[in-house]
1. What's the Kirkwood radius of the stretch B:1-160 in Å, using all Cα pairs?
2. Out of the stretch A:144-179, which chymotrypsin sites (Phe, Trp or Tyr not before Pro) are coil in DSSP terms and have no more than 10 other C-beta atoms within 10 Å?
3. Among A:H88, B:H36, what is the fewest-to-most ranking by other Cβ atoms within 10 Å?
4. With charges only on Cβ, +1 for K and R and -1 for D and E, what is the dipole size of the protein assembly as shown about its Cα centre, in debye, rounded to 20?
5. When the convex hull of the Cα atoms of the stretch A:8-154 is projected onto a plane and the area is averaged over all directions, what value comes out in nm²?
6. Which percent of Cα pairs goes in each bin when the distances of chain A are cut into 10 angstrom slices starting at zero?
7. By count of other Cβ within 10 Å, fewest leading, how are A:F195, B:F117 ordered?
8. Between B:Y157, A:G188, A:W51, whose Cα lies farthest towards the positive end of the dipole of the protein assembly as shown when Lys and Arg beta carbons carry +1 and Asp and Glu beta carbons carry -1, centred on the Cα centre?
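Here, each number is a calculation from the coordinates, and none is a lab measurement. Model, not experiment: these values are computed from the prediction. Cβ coordinates were reconstructed from backbone atoms using ideal geometry, including for glycine residues, and neighbour counts include every protein chain displayed.
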Amino acid sequence: MQTRAYWKNYNMTFRDVDLGPAENASFWQTCPLVAHFDPSVASTFYDDFYWQFSTKAAPLGEYLIVEDGSDATGADAVIDGRGGQYHHRADGDDNDEAYLISCAESWILTAGYSIWMEARVAFVEGSTNAGNFLVGMADAAGADMIVDDGAGPAGTYDGAVFWNIEGVLTRSFETSNAGVQSTATSCGSHVSSAFTNYGIWFQTESTSDTVAVCTPYINGVAYTARNLTLSGLAEMQFVVGAKSNGTAQEEFIIDFVKIIQIRN
Amino acid sequence: MQTRAYWNNYNMTFRDETYGPSAGSSLWQTCPLVAHLDPSLASTFYDDFWSLPCTAIAATDGRWGLTEDAGKTGTDAMQDMRGGVWKLFCGGTNNEETYLHTIGESWILTAGHSLWFEARVAVVEASTNEANFWIGLTDVEAANQIADTNAGPIGTYFGVGFFKTGGALTTVGFETSNGTTQSTSTSQWTVVSSAFRNYGCWIKTESTSDTVAVCTPYVDGVAGTAHNITLSGLAEMEFVVGLKTGSTDAEDALLIDYVKIVQIRN
């Protein structure tokens, strides 16, 4: 164990030679250290999923559940696994879906208020290449955040998401300001049941910015950034979900989500 | 973005050139970084209010309770705002009140156990200047923590906090109290209805032989005049944020963004 300070993106941060992360291998090396511990600088939403009691019928705590009928096989529950993991299932009827959504719209992109969001999620396909999955931040997240029949994310929302659609192994990423959506960025290939860290750095450091630079990260590695026009954006929620193509039920397991946003 | 280490009060801490805080403008620059990270050194209570903390009927997340009159007409609710914000209403009849409090008395001031707390709160006045509020740590979680008729905090309790009395927006004060021995500074700060301010206090006692703690109030990261509080006889405290309606009979409310409390554990 050897913990060292070093500089990344003009940001003094730390890494451990033995325990990691390696240089340039963590999304959080882009986030100022002070934002993690000084609440006057930034807000922090962090859930390691040691418990999750909210249901569709009885919302409780930080999350809402939006889903179709409850004929999925197996209980939605925190499962035995290192670090706290919550397992949720969408049933297998065609276009049936399930989403875990933060209960309030607590993040809004405005000039000078950067956001760092990362979630570690495993999407579990019922049949090979048959699932539709989504994770990210969006306003008014809810039913049909994933459009039916493998059509990807909703055609209008404010935010940015990763997604994977039935029949395609490619992970995609887009930003959206209402109906103005960026061309999808390819972020590698989806592997069923494999935990993956999905991160988005919404970078806007000046109050005169007109766009935020949204850089997607998969397992700490940056992919092509997209600009998101700030004007007109609404408050966002965190959302993760799955939708079935009718072949089998689709599932997701979430290990953690952490969201930091500059507060003032 | 340029995050740099620097020293403040003999404490190595960090600041970012873009996001702040600038040197000397955050309460947390006085708190050792290791106290945030190492639970064997310090306890940390932090709520960013991402979900409804409780109702008068049920403490929904186990950490908070609510003591209040029955007359409120507004609906306590999460707000669609950056950073997680909860809105707490108060009845609109003169002297009706509401207090959000932690469930347990989990903090006690004893020699050598420094404490830092900060809460970001806005008061939403229904009638200009009329609201009374209290933000701080006290052993008394009960009705009339704020005395009736704009009389400020109650006359006996163990704790430290900020308060505003009805009648003006310039009447935010700071008080320490050991039983009936109280040190009160009135009219130290001004608030603007619906505008957030950060109310913090560094309660400093670094030696086990201390007989007093030095309580320095911070508003928006800027230190005010410190009060000493005698440590002998103090009881355990809860964190309380409360509101009492003024004489104009209109329903006031509080917006609560976060509270963070760090205390040396051993």
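1. Working: mean 1/r = 0.0543 Å⁻¹.
The Cα-based Kirkwood calculation yields 18.4 Å.
2. Working: sites: A:Y157, A:F162, A:W163, A:F173; in loops: none.
When the chymotrypsin sites (Phe, Trp or Tyr not before Pro) of the stretch A:144-179 are filtered for loop state and at most 10 Cβ neighbours within 10 Å, nothing remains.
3. Details: A:H88 24, B:H36 20.
Ascending Cβ contact count within 10 Å gives the list B:H36, A:H88.
4. For the protein assembly as shown, the charge dipole is close to 1900 debye.
5. On the way: hull surface 46.0 nm².
Orientation-averaged projected area of the Cα hull: 11.5 nm².
6. 7, 31, 37, 20, 5, 0
7. Details: A:F195 16, B:F117 25.
Exposure proxy ranking, most exposed first: A:F195, B:F117.
8. After comparing all options, I get B:Y157.
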